[in-house]
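FYI, it's all coordinate maths here, none of it is from the lab. Just so it is clear, the structure is predicted and the values come from calculations on it, not from any experiment. Positions of Cβ are generated from backbone atoms using ideal geometry, with glycine treated the same way; all protein chains shown enter the neighbour counts.
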Amino acid sequence: MPATDADVVGVVGAGQIGRSVAHAFAERSPVVLVDRDPAAVDDAIAAIRRAHMGRVLRGATTVSLDTVMGNLRCATGIRELGKATLMIENITESPDDKLELHRELHRVAAAEAVIAANTSAVPLAFLAGAHGDRTDRLLGLHFMMPVVEIRCLELIRHPATSPAALTATRDVLERHGLSAVEVGDAPGFVSNRLLMLLVNEAAAVVREGVAGAREVDAVLQGCFGHRLGPLATADLIGLDTVVRSLQVLQRFGDPVKYAPDAALLDLVAAGRLGRKSGIGFFAYGAGASPPTTHRSESDQGAHSR
Ligand SMILES: NC(=O)c1ccc[n+]([C@@H]2O[C@H](COP(=O)([O-])OP(=O)(O)OC[C@H]3O[C@@H](n4cnc5c(N)ncnc54)[C@H](O)[C@@H]3O)[C@@H](O)[C@H]2O)c1
């Protein structure tokens, strides 16, 4: 189903995932990308341009770079989002900052707009406090990176989310080649309730010297068929975001089970945030030996990351 003229997607937060979300929607629809930090906006434009040129060169898309960049409008104030029919919030994983921003989104959103939170772990029940009597239009969209390649996401339903908002959102996702698995509201939903435990324990294995990062990932890739190992996945997400997600899971879930491992805290304190800083569990960039992507025989031809 092609995208319609009616789809205008607002994306707030132009960091790691926000820019990737904006890229995926801008392949087919007008997108307004907002971040309060002008440097993040500039970085995002450059990153989307690079990522899309790569896709064109690999033959992964027939959508031209001009189309994507022509669909993208960037701003630093959220009033620019006024016309969006779907607003996707992707700001830093801080529950209190998100709550504040959701209050603003509630004020600027058109009556018919759907407001989505893209969060690793913050429950919608917490954000619902910002939406007054309009919790019917609040839901969660938990995307995976890079969104143009990992086209599956979690669609999170709050008890008050209306069937109309769910249907409208599913339709927009489908028009953009994205498919959602619908789940209920809980800290970390399904994906990060599980993934964050795996990443945290993998970090502990490395800290204890049981195995190196490469070996830990090789076990999960080779023996269990994971496309990317847990530590390379953590580097891709951003180790600061991983730690914040664990802390959110502690706050809204179990403070003991989700306590971030010292290895993660030490890497973040040292500024080793993963791909975005050039080094995390693995090193990236010229001369480095980054983690490999595992593709099983049955996986040949499928997408990879
Ligand atoms: N990184 C991932 O793979 C991933 C995947 C799915 C979901 N998430 C979730 O998405 C959210 C963003 O993650 P990220 O990795 O992109 O973080 P990030 O730190 O890379 O980017 C966050 C961006 O939000 C901006 N921001 C912060 N407060 C703002 C405000 N009030 N108004 C406008 N912009 C604001 C910052 O300037 C920054 O550019 C988090 O909640 C995270 O848990 C991340």
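Magnitude of the charge dipole for the chain, about its Cα centre and with charges confined to Cβ atoms of Lys, Arg (+1) and Asp, Glu (-1), is about 400 debye.
Hey, what's the Kirkwood Rh for the chain if you take every pair of different alpha carbons, in angstrom?
Mean inverse Cα-Cα distance, inverted, gives 19.8 Å.
In plain terms, the residue of ASP240, ASP97, ASP235 with the fewest other Cβ atoms within 10 Å comes first and the most crowded comes last, giving ASP97, ASP240, ASP235.
Treating only the Cβ of Lys, Arg, Asp and Glu as charged (+1, +1, -1, -1), what charge dipole size does the stretch 9-184 show about its Cα centre? Round to the nearest 20 debye.
420
Here LEU246, LEU267, LEU153, LEU57 are placed in order of increasing Cβ neighbour count within 10 Å, fewest first, which gives LEU57, LEU153, LEU267, LEU246. Taking the Cβ-Cβ separation of SER64 and ARG151 as r and a Förster radius of 25 Å, what is the calculated FRET efficiency to the nearest 0.05? In this case the efficiency is close to 0.80.
Cβ-to-Cβ counts within 10 Å put ASP217, ASP185, ASP96 in ascending order as ASP96, ASP185, ASP217, the fewest first.
Counting only DSSP H runs of at least 4 residues, each contributing -39500 (n - 2.57), and dividing by the residue count of the chain, the helix-based mean residue ellipticity at 222 nm comes to -13000 deg cm²/dmol. Computed from label points 7 Å out along Cα-Cβ, the spacing between CYS223 and MET53 is 4.2 nm. Each DSSP beta bridge with both residues in the chain is either parallel or antiparallel, and the antiparallel ones are about 15%.
Using the average count of surrounding beta-carbon atoms within 10 Å as a protection proxy, the listed peptides 255-263, 140-148, 164-172, 191-199 rank, highest first, as 140-148, 191-199, 164-172, 255-263. Ranking VAL41, ASN90, CYS152 by how far each Cα lies toward the positive end of the dipole of the chain (charges on Cβ) leaves VAL41 at the top. Of all beta bridges that DSSP places with both ends in the stretch 9-184, some 10 percent have antiparallel geometry. Computed over the stretch 9-184, the Cα gyration tensor eigenvalues convert (square root of 5λ each) into semi-axes of 25, 18, 14 Å, ordered from largest to smallest.
Here the Karplus relation 6.51 cos²θ - 1.76 cosθ + 1.60, evaluated at θ = phi - 60°, turns the backbone of the stretch 30-45 into coupling constants of x, 10, 10, 10, 10, 9, 6, 9, x, 5, 5, 5, 4, 4, 5, 4 Hz, with x for every Gly and Pro. Measuring between their Cα centroids, the stretch 247-272 and the stretch 187-209 lie 10 Å from each other. For the chain, take the longest principal axis of its alpha carbons; what is the angle in degrees between that and the long axis of helix 239-252, to the nearest 10 within 0 to 90? Approximately 70 degrees, to the nearest ten.
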